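Nothing in this text is a laboratory measurement; each read-out follows from the coordinates by a stated rule. Nothing here was measured: the structure is a model prediction, and the numbers come from that model. Glycine gets a Cβ as well: all are built from the backbone with ideal geometry, and neighbour counts include every protein chain shown.
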There are 2 protein chains.
Amino acid sequence: MKIGKQERQKLIINFISESKISSQQQLATLLHSRGIPVTQSTLSRDLEEIGVAKVRDQNGDPIYTVSSTVVSISPPEEALRKVLREWVAKVEYAGNIVVLHTPPGCAHVVAAALDRAQLEDILGTVAGDDTIFIVSKNEKAAGTVAGRLNDASGLIVKYKSE
Amino acid sequence: MKIGKQERQKLIINFISESKISSQQQLATLLHSRGIPVTQSTLSRDLEEIGVAKVRDQNGDPIYTVSSTVVSISPPEEALRKVLREWVAKVEYAGNIVVLHTPPGCAHVVAAALDRAQLEDILGTVAGDDTIFIVSKNEKAAGTVAGRLNDASGLIVKYKSE
DNA sequence: TATATTGGTGTATAATTATGCTATGAGAGA
DNA sequence: TCTCTCATAGCATAATTATACACCAATATA
């Protein structure tokens, strides 16, 4: 049976959503077994056109998935990460207060991003010129927040105030 | 500055979520420019450990994304696709009724999956032994439903009753 | 101390995926 | 019919990613 590009791509989508496909070669074999001869080159192009992505399962092994099943993280959180990465120079905390240091004049930008992200454990923020106070409900929560912000900012230095 | 694996992977996550990284080589260059020498081999291992996936943007170009930002399609829809792919032999429609043909005794399984998926344009289903009637509100809707089911079933034959 | 053991990494290379080029076949128009 | 154009896909190969192996440093063990 001779089939066209459309039909082949439909079948590819079905195979990918049904079973764990982890390489184009594997997909080619599968299609061959259904009487549809196709080369890896063509599959590479098909997968690009369909928008297939290669993600990883729990074991870290790669499997294909159709891109319509992939969604992105919420914009505010992503924006926050970006801002933190760019502007945060230091993270410390003492008691229930986390203190962020930024370049001069940047504090309000960071604080605005923090407010928009509405992170739990953050009761509120106050921004100066190059410093932000983040109020948490207790020391434990402050530690959690500080840790998360430190991670997100990509800082390597320790954040605990000794 | 000497940094460990943990710190490096944190930076990798930040770079990936910040900018459009499309190859390990590109990532390696980026890290080098920050004074962190690392080979492509190590990055390959890091990306697996972090669970990074390679998805595609609107243009079909590949970009890395952290797996925590990837979620799967809803189970019922996926299950329906699976069932349709496996059991549906033919899709036709006439008037506002779509008729599915399945192997003997399989109709109820397919009908149940259809009901669970709660597709719009489907008012209800009736399953016999190897036949299912799907009632839509009019012929146009029936055509839409038939087309969608045909696609999902992976059938190559045309579904329109001439 | 001497000897394993383990985690992390680089090197070289295998495996996988993408692509430049070419060929073929289906329509369009002369 | 002849030629042109366009879409599709194969082949060969480039580009990218994964991995077998070996080495080193740190830690444990006798």
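Using a ≥ b ≥ c from the Cα gyration tensor of segment A:5-69 (square roots of the eigenvalues), is it rounded, prolate or oblate, where a/c under 1.5 gives rounded and otherwise the larger of a/b and b/c decides, a/b for prolate?
Prolate, because a/c is 1.5 or more and a/b exceeds b/c.
Run through the other copies and list how far each one's label point is from that of A:P37, in nm with one decimal, shortest first; the point sits 7 Å from Cα along Cα-Cβ.
5.1
Calculate one ³J(HN,Hα) per residue across segment A:122-130 by plugging θ = phi - 60° into the Karplus curve 6.51 cos²θ - 1.76 cosθ + 1.60, and present them in order as whole Hz with x for glycine and proline.
Taking θ as phi minus 60°, the curve returns 10, 7, x, 9, 10, 10, x, 8, 10 Hz for segment A:122-130.
Residues with amide H under 5 Å of B:V52's amide H, sequence separation 5 or more or different chain, H placed in the peptide plane at 1.01 Å from N; which?
For B:V52, whose amide H was placed from the backbone, the distant partners under 5 Å are B:S67.
Suppose you put the label 7 Å out from Cα in the Cβ direction; list, shortest first and in nm with one decimal, how far A:T131 is from each other copy's label.
When each copy's label point is compared with this one, the spacings are 8.2 nm.
Could you order peptides B:120-126, A:128-134 by the average number of other Cβ atoms within 10 Å of their residues, highest first?
A:128-134, B:120-126
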